[in-house]
1. Can you give me the number of residues within region 291-320 that are surrounded by 24 or more Cβ atoms within 10 Å (Cβ to Cβ) and touching a helix residue (DSSP H, G or I) at 6+ places or on another chain (Cβ under 9 Å)?
2. Considering every residue within region 660-669, establish whether at least one is within 29 Å of Q554 (Cα to Cα), of a type in the set (D, E) and either in a loop (DSSP other than H, G, I, E, B) or touching a strand residue (DSSP E or B) at 6+ places or on another chain (Cβ under 7 Å) (or both).
3. Within region 512-538, which residues are under 26 Å from the mean Cα position of the chain (by Cα), in contact (Cβ under 8 Å) with a residue 24 or more places away in the chain and in a loop (DSSP other than H, G, I, E, B)?
4. From the list K1132, K1140, pick out the single residue that is open to solvent by 10 Å² or more (accessible area, probe 1.4 Å) and of a type in the set (K, R).
5. Of the conditions (1) farther than 17 Å from V346 by Cα; (2) touching a Phe, Trp or Tyr at 6+ places or on another chain (Cβ under 8 Å), T83 clears all except one; give me its number.
6. Which count do you get for residues in region 852-903 that are assigned to a strand (DSSP E or B), surrounded by 17 or more Cβ atoms within 10 Å (Cβ to Cβ), among the aromatic types (F, W, Y) and touching a helix residue (DSSP H, G or I) at 6+ places or on another chain (Cβ under 9 Å)?
7. For residues in region 265-275 being free of Cβ contacts under 8 Å to residues at least 40 places away in the same chain and closer than 12 Å to P291 by Cα, which is least open to solvent (accessible area, probe 1.4 Å)?
Amino acid sequence: MDFTNVQYNDDLLGPYSENSTFPEDNSAYAEMYPGDAGEAYQSGGEFPHDTHQADFGNSGEYQESRTVLVDGSDHFGVSAVSTDRKEELVWMGNSGGHVTSYLSTELMKYTSFQVHATEEIRDLRSIDPGILALTPTSLNLRTRQGMPTFTHQSPQLENMQCMVQLGGNFSNRLLLGGHQSSMVEYDLARQEQIRCHQVGEQGCVILRDHPRFVCHGDLTGRIVLHDPRTIRQEHSFQAHTGSLSDFDVFGNYIATCGFSNRMGQLLGDQFVMVFDLRMMKLSLPLRALVPPFLLKFLPGLSSCLAVISPVGQWQMMDAGQPDNSILSMNYQINCVPESVITTFDVAPSSQAIVFGDSLGSLHLFTSGSKPRFNNFSQTQTMPVTDNTASLASLPMYYPTSALLSDWPEQYMKALYRPTPPVDGSILQSMKLVGSIGYAPNLHNKKRNQVPYKFSRTKGQKSNMFYYIAPLRALMMSHLCEREFCLVCELGFLFHMLDVSMGQGIPCHASNFLRAFRTIPEASAMSLTLSDQDNRAKINFASKIQSWNRFVLQQLHTETLEEKMDHPRVDSMDERMFQMGCQILDSSIEEKEVSKTEEGNTIDRQDKREYSPVANIFGSHVVSINKCARCNHEIHKDTTSLLVNLNFPDVMDGSCSFSSVVELSMSLEQTRQAWCDSCVRYQPIEQWRRYKTLPNILAMNCGLDSAQDIKFWRNQFEILLTEIRDKKREEEKKNAEAKQGNNDKENNKTKERSTPSLSAGSPSTPSKRYPDTSTPQPSPARPCRYGQACTRHDCRFWHPGRDAGEAGQQPMHVLSLLDQTMEYSWVPLGMRAKLNDDGTVSLSDISKTELENATEDETGVVYELVGVVSHIADPRFPDKNNLVSCIKVGPSYHVRAKVSSVSHWYLFNDISIQPIAPEEAVWFPCGWKTPCVLYWQRRQIPSETQEIEPINPVTVDVFGEDKSLAQRGRKRITFTPLTADEMPGEGDLVAMDAEFVNLHQEEAEIRSDGTRTTIKPSQKSVARITCIRGQGPLEGTPFLDDYISTQEQVVDYLTQFSGIKPGDLDANFSQKHLTTLKSTYVKLRYLVDKGVKFVGHGLKNDFRVINMTVPMAQLIDTVHLFHMSHNRMVSLKFLAWHFLKLKIQSVTHDSIEDARTALALYQKYCELKADGDLVMELQILYEAGKKAQWKVPGEEEEE
């Protein structure tokens, strides 16, 4: 900082001299420390009445132990100092661009090197690989021996001032700040700049890290708190009116010192401002005995502060005790009067404090007889030659262009055999009994070879997302390093659905639900269900809408963290990113304040956030808040991902569905809120205006109140009444025109209320729905629901009601919905036009008009592509369910090789049936209620619609293999794959997995002795082992990962798994412990490459891992050595019979099991080649029956 324009009040400082720093009679402190007037001040810096002298250091005071003149002499001042966090070193950087380290508290010179020829060192930071040095335009990393590792320069590094390394899980992220409007984020692991964060024109001159926040201070005296994950601003303090000199954060306190602007001059504040992070406000300020210029908390000493003045005086203060904050009197640094203290640092042990001044001197204050910088330091090593240096210290090269080993995409695709068609002779001889067909077996193929063409997966919303082509491509192309990421898990689930297409392999979403349960917000909103929940008391309609809103926001947030201000994105996302940026750049407005012609003040704020998900579901919306008293307006530009339907309060009159949507999108309301202009709560008028329309319009239907349901029923009644009256009028005219017809036919025509529908018509409800079109019963017949009946139009007799009412009412018009699907208040399409004033005009499009509707100047066309409905039966309140109707586009049918058209399907759990479009919008009132609607633009931009997913799982997943275990020496039981060992298509890999129980099985034994399973056990994978199946290292493991789990393990199954308590705990495990996601992507890479897995019981292993593998890639020894109509044989017995090996004697070991399975497969190939397989299998079963399937000599039974 430039000190030429900074002054300190003479009344506060007084004339400075080394011998007259404080008055001898202590008159300056008489008001603060009332005591005996004759008490003299002790030169050691202690008060006789000080009760806190033992709170710091070992001996109760600091003494100046060393003063050295650094490299560059007095020509270059000390600009930065830092104590090493790992070794007993002090680092110094001067204004000449030179860095020097000093060993131990003796300040012996250790290393010295030049970082920059002309620029000064602004900041120093020690990390594991070495020391980071920041200059105004560059970032440098040197080893502790002075060897250069990297030098980073970019146009964003203009006038840098400070840096901070984030802690916890973000230790690879480095933030750089300076006198510029952006803060730069740098990835230390990849050694590249990843993004920039805007901080304002005042810049970022001081950075501090905190477990909860990242704190930065600017030139105006303001301190801003950021979220360490997203670097979004969370809170801010105005610490000083002039400028900020220094601040530090520790625990729950932020302490600051700075300057005030008085009479046009910057004067140093005499007070240290302390802010409490628990209440987010200013605590009592601390009056310092010296003009505070620099300050720092002492690590390990709670709220203890070291406060330094520019002329060399410093003292200790307690930020937690404002009434008794002075811990020690002033210490004086032995510096030249003309020098100024420019920087200082406190050692992690708090036993040493080092100062640097403007004349090139380094001053060390220590406490105790044997002071150290760190409580536990590493030993310093100085390599003599480069041969002894660690190769790991060399920087890794990350190429930006394509490598020769990057194969074209057409050679990397996994091709699977298509499902053969059903034999024509089977179709000819088939006899139908109800909905089941029977045909004689031709004995030309194995049984059950005609799979269902749709994959089975639970969760209606996952199905919905899968059939939205742009979202499917985005999810499948995403891969990040977070352990629990919904985007990654959806991508894995969609990949499983693609692999299982046409094979009839069920797909489960267990890993997705596991990641979903780890999100605290999901649990707080009760979006997760347990087996103990009473389904009768759960409002599924409201819950699925909350789930829809939360998941869209979560997907937007997770992709936002990866793509916001990210200069390097994946190839697939880059197109969506650039397209979205073009859309945003055309309408972004900076925050400004303007006035209208009427004099109203308008505050415009742009708070939009771009993500690839927002490019699909998002629309640019301007939210307007206007004070009803002062007319002050706030315009906020935001991104809206969802529309919530709001139904009118007026019940009378017909209202189209599109008008309700139009009202919901431009909803205007008045509520009590805070007005910044009036500085009080006032009635605030709120409305929204649109600037863009979304490509996919997601809509929550609401219907969670009795008034909304009544409005919904009323609209159906009005619609069906008009149709019924119209039909009756037409039939009456037809009857009058046919006077010669039979009177009986005329009477029947008059009694009809709806047109007759032939059986099997698309508009006729199918047999899977209840049929209520039976003739009206007699009035005396009682209702089966009794007094619990909720239908006001019920025609049966109810106890307690007037008997004369039953049977006298005509058939209610809503009963027509049980007879036909032809009419619905919800259209299959809508036309939307964005007006100049930001409102949206919508109109319904009928089914016939929708076929030829195009987008023109009248608006864009939205067609319905998905409906999630709630099915409830009043007879069985606990049997309610969610179903979805989805319009599957031609892209899926082309991949399935069935057709190239769109078609509607009904998804009811694992049941999938084709339906007519009318059934998607068929809502019989009382038992089927719409919850979520999805509308898609007919003409989505080609760059969004035609994007194909890119496989993000590459060979790089084997490159970095870190263990989560933190204690002891790790036991490595595998040899990683080298570049020339990567398995290819058709290569063999032996695999085995071990599991633990998260929930025990619940079963009951009936009176007849039979055992019934009430709830199966829930397993979690605990260990995965993969072994080379060929090559020089055949039989050697290349993967042996223990899987960490955050869920409670109730049974480790040690006898069958070999897993012991503590093996899965990062604090105690000595195994190679990883996350499930880290190992999952490695197995996924092997599956995509076409590797053939050899193992015993692989189907169960991959089911628990939650991965779908084509059947052609599975070689299971449990099926190889099996004779039909006989029991399966255990791996232990097979190893004893064929290999003469005794395995699993005490416990199971996955490496041993995988090797045994590989040897058995080789034995199988040998027997098959010799033609002895059938005979050997007969011998196997004879030996097994004779030994009762026990290995001789062992008591354990499989």
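The values are calculated or read from the model by the stated rules, or taken from the named source; none is laboratory data. Owing to the predicted nature of the structure, the values given are computational and were not obtained by experimental measurement. Methodologically, a virtual Cβ is constructed for each residue, glycine included, from the backbone with ideal geometry; neighbour enumeration extends over all protein chains shown. Side chains are part of the model used for accessible areas, which takes the heavy atoms of the whole protein and leaves out ligands, DNA and RNA. Shrake-Rupley method; radii C 1.70, N 1.55, O 1.52, S 1.80 Å.
1. So the count comes out to 1.
2. Yes, region 660-669 contains a residue that is within 29 Å of Q554 (Cα to Cα), of a type in the set (D, E) and either in a loop (DSSP other than H, G, I, E, B) or touching a strand residue (DSSP E or B) at 6+ places or on another chain (Cβ under 7 Å) (or both).
3. T518, I519, M525, D531
4. Among K1132, K1140, only K1140 is open to solvent by 10 Å² or more (accessible area, probe 1.4 Å) and of a type in the set (K, R).
5. Only one criterion in (1) farther than 17 Å from V346 by Cα; (2) touching a Phe, Trp or Tyr at 6+ places or on another chain (Cβ under 8 Å) is unmet by T83, namely (1).
6. Going through region 852-903 one residue at a time, the tally reaches 0.
7. Kept after step one, since they are free of Cβ contacts under 8 Å to residues at least 40 places away in the same chain, are these residues of region 265-275: 269, 271, 273.
Retained after the next criterion (residues that are closer than 12 Å to P291 by Cα): 269, 271.
Values: D269: 14, F271: 78 Å².
Selected residue: D269.
Per-residue answers, yes or no, for (1) within 23 Å of A698 (Cα to Cα); (2) touching an Asp or Glu at 6+ places or on another chain (Cβ under 9 Å):
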| residue | (1), (2) |
| --- | --- |
| Y892 | yes, no |
| V898 | no, no |
| S902 | yes, no |
| S911 | no, no |
| F923 | yes, no |
| V932 | yes, no |
| Q939 | yes, yes |
| I947 | yes, no |
| D961 | no, yes |
